[in-house]
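A quick write-up on the structure given underneath.
The values are calculated or read from the model by the stated rules, or taken from the named source; none is laboratory data. Model, not experiment: these values are computed from the prediction. Neighbour counts run over all protein chains shown; Cβ positions are idealised from the backbone, glycine included.
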Amino acid sequence: MCHARELAYQIYKEYERFSKYFDKVKTSVFFGGISVMKDEETLKTNCPHIVVGTPGRILALVRQKTLNLHNVKHFILDECDKMLEQLEPKAPFTLCP
């Protein structure tokens, strides 16, 4: 998870670049400014192994019960100092196992 959509997209593109070596690993990116319905469709039809996103969109998908965090094995924060400046930074943490 990262604080800005540009950063989320950049991280996603790096995972996509590495995925040529791990062809069975699926990655998706979720951030504001894109239709939530598109994100919901991605989660339903192309369940990713790696999710990259911003706190607001990740939290929205979790609250809508579209994104299930029960099987999260690793939770990574990029630039956590900026993440902690946001209004509701703890919500995604409390939803992970």
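If you scan region 33-56, which residues turn out to be exposed (fewer than 13 other Cβ atoms within 10 Å of the Cβ) and of a type in the set (G, A, S)?
G33, S35 - these are the residues of region 33-56 that are exposed (fewer than 13 other Cβ atoms within 10 Å of the Cβ) and of a type in the set (G, A, S).
I need the helices (runs of 4 or more DSSP H) fully contained in the chain, keeping only those with at least 2 residues that are at pLDDT 90 or above and among the aromatic types (F, W, Y).
Per the criteria, 5-18.
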